[in-house]
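The values are calculated or read from the model by the stated rules, or taken from the named source; none is laboratory data. Quick caveat, the model's predicted, so the values are computed rather than measured. For neighbour counting, all protein chains shown are included, and Cβ atoms are generated from backbone atoms with ideal geometry for every residue, glycine included. Each accessible area value is taken on the protein alone, full model and side chains, heavy atoms only, with ligands, DNA and RNA left out. Shrake-Rupley method; radii C 1.70, N 1.55, O 1.52, S 1.80 Å.
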Amino acid sequence: MRMSVPEFVIDCSCRRRSRFNSSSSMEPIKLSRLLYRANIWFCCRSLSSSSSRIQRAPVRKDEFRSRVATGPQLKDFVNPIPASSVTSSVEEDDDDVPHYITESPSPTYNKVYFETYGCQMNVNDTEIAWSILQKNGYVRTNSATEADVILLVTCSIREKAEQTIWNRLKQLGSMKRKRCKSQGPLRIGLLGCMAERLKEEILQREKLVDVLAGPDAYRDLPRLLSVAETGQQAANVLLSIDETYADVMPVHTSSNNVSSFVSIMRGCNNMCTYCIVPFTRGRERSRPVHSILEEVLMLSSQVLHLIRDRHNICKQIHIPAQSGSNRVLELMRRGYTREAYLDLVQNIREHIPDVSLSSDFITGFCQETEEDHLQTLSMLHEVSYNAAFLFAYSMRKKTRAFHRLNDDVPPEVKKRRLEELIAVFREEAEKVSQKALGSTQLVLVEGISKRSSSELCGRNDGNTKVVFPDIPISNSLLENDLRARPGDYVLVEITSSSSQSLKGRLLGLADIQSSPAYS
């Protein structure tokens, strides 16, 4: 009697006559392994025997190979499907990703509005997502009230960042309910790390979100939005081990930017105990070099002028410390000691004497004592950073700290320690800034100052903000006086300083080659 495939698989791999229904759920990889085992077992048994018992007599190697070659293969145990009954949703291309549908209907309501929260990677994600949507018929609007699609590119690194998003979703939910029917449905989407971390909770909580897309699912956005246009929720939060969006050229949306960040990798393998990034952005993988160079060349031709014979790279390095205590660094699994970190700082300053340093610090991590805290304060004093990002620790689910450690530092202690860190950082940063008083700085103009429309702001060679008056620059060669514009280099004499910025007097236009600041 001929056996069904499921029965044969169980009989041959498990050596017992238990049956299972062919419609039962089973992971494909397990099924393929069972079929493979069944095939090998079947080839090793006597083909002429009607008995189900395995032949125990020894088999020579050449005879075994002959039986394997002439015996039944995997295709003999699987019913073939006629080619005419199969429809493919993707083109036959080795580079296609099977869980993405590359074609989606043209959007009916196609105005999209982005809000970006968190780190520079999220800015890059926004540019990637917009590049994909732009090629699929969407147009961008700078007004949330005019938008048909509102996409929030989210951060999940701290609890406060997530709470900001929840509050914003409630505001957008109210906007959605008040929307006129003639405008069509308003679709609200959550992108990035928070979408990856919370998944079902976001879709279920007050039904505020229509579309959910993790950091590796932006190619799927056109399809997800098409599904949402029918009134259904749509989600794709699959993480990838190879998605780098290497073939997607980010669309840099601000025409006034004179500088830009280029992403060279995604994800992280470090698995620091406090960090959620490996779980929200996946494993570390790098973009191909040709993709990075292509983007840099594209940016060079759009917002920047190539400066011959010199590199226009500012002397600023970001070296996150997180803590000044070896005990806490070990709990964080940072992989270095306080002493190794300080040696690195010394080595950098020996090679680049005027370097500007910035860092990250977390206070109130699990089991942090007052002594640990004092060691962090002493590191801030010792290094004297130009800039720092200081945070109180908030535990994230899925991290190693969540499973192995206790968040045992009381909130009021975290608050007090954070205030002390901020005070020490500002004290030291102001000392660093005061050294610039009276000096002439070469400044790259970025635009109008946020605090005063009569002032311009830019960055010096250490990436420190410099504010100066927006006044005409006399020019004997032209009838009309010039004004500095974004992208110009100017010379500024520094007259005052704070922990955050420098202020000065505009001396005139300059260029990076002939600047007295580099003489």
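Measuring between alpha carbons in the structure, the pairs from 135/170; 111/178; 415/435; 207/415; 199/397 lying more than 23 angstrom apart are 135/170; 415/435; 207/415.
With just the Cα atoms defining each centre, how far is the range 335-349 from the range 259-290? Give it in Å. If we compute the Cα centre of each part, the gap is 23 Å. On a C-alpha basis, how far is the centre of the range 376-439 from the centre of the range 144-181 in Å? Whole number, if you could? Centre-to-centre (Cα) distance: 30 Å. The figure for residue 496 is an accessible area of roughly 50 square angstrom, using a 1.4 Å probe on the protein chains alone. The GluC sites (Glu not before Pro) of the range 355-394 include none that DSSP puts in a loop with a beta carbon having at most 13 other beta carbons within 10 Å.
State the dimensionless ratio Rg/Rh of the range 134-184 (Rg: radius of gyration of Cα atoms; Rh: Kirkwood radius). Let's see the in-between values first.
On the way: Rg = 13.4 Å, Rh = 12.9 Å.
Over the Cα atoms of the range 134-184, Rg/Rh equals 1.04.
Taking a ≥ b ≥ c as the square roots of the eigenvalues of the Cα gyration tensor of the range 425-467, is the shape rounded (a/c under 1.5), prolate (a/b larger than b/c) or oblate? Walk me through the intermediate numbers first.
Values: a/c = 2.18, a/b = 1.56, b/c = 1.40.
Since a/c reaches 1.5 and a/b is larger than b/c, the shape of the range 425-467 is classed as prolate.
Descending by average beta-carbon neighbour count within 10 Å, the peptides 437-447, 399-409 line up as 437-447, 399-409, the highest first.
Please arrange 493, 430 by accessible surface area, largest first, computed with a 1.4 Å probe and ligands excluded.
Values: 493 55, 430 75 Å².
Largest accessible area first, the residues go 430, 493.
3J(HN,Hα) along the range 237-246, derived from phi through the Karplus expression 6.51 cos²θ - 1.76 cosθ + 1.60 where θ = phi - 60°, amounts to 10, 6, 8, 10, 9, 9, 6, 10, 6, 4 Hz, with x in place of Gly and Pro. Heavy-atom accessible area for residue 453, with the other protein chains in place and a 1.4 Å probe, reaches approximately 100 Å². Under the combined filter of DSSP loop state and at most 12 neighbouring Cβ atoms within 10 Å, the range 124-191 retains these trypsin sites (Lys or Arg not before Pro): 135. Provide the net charge surrounding residue 214, with neighbours chosen by a C-beta distance below 11 Å and charges set as Lys +1, Arg +1, Asp -1, Glu -1. So the surrounding residues net to -2. Counted by Cβ distance under 11 Å from residue 153, the other residues give a net charge of -3, where Lys and Arg count +1 and Asp and Glu count -1. A compact globular protein would have a Cα radius of gyration near 2.2 N^0.38 Å; the ratio found for the range 436-510 is 1.04. Taking a Cβ cut-off of under 13 Å around residue 333, the surrounding Lys, Arg, Asp and Glu residues balance to a net charge of +3, with basic ones at +1 and acidic ones at -1.
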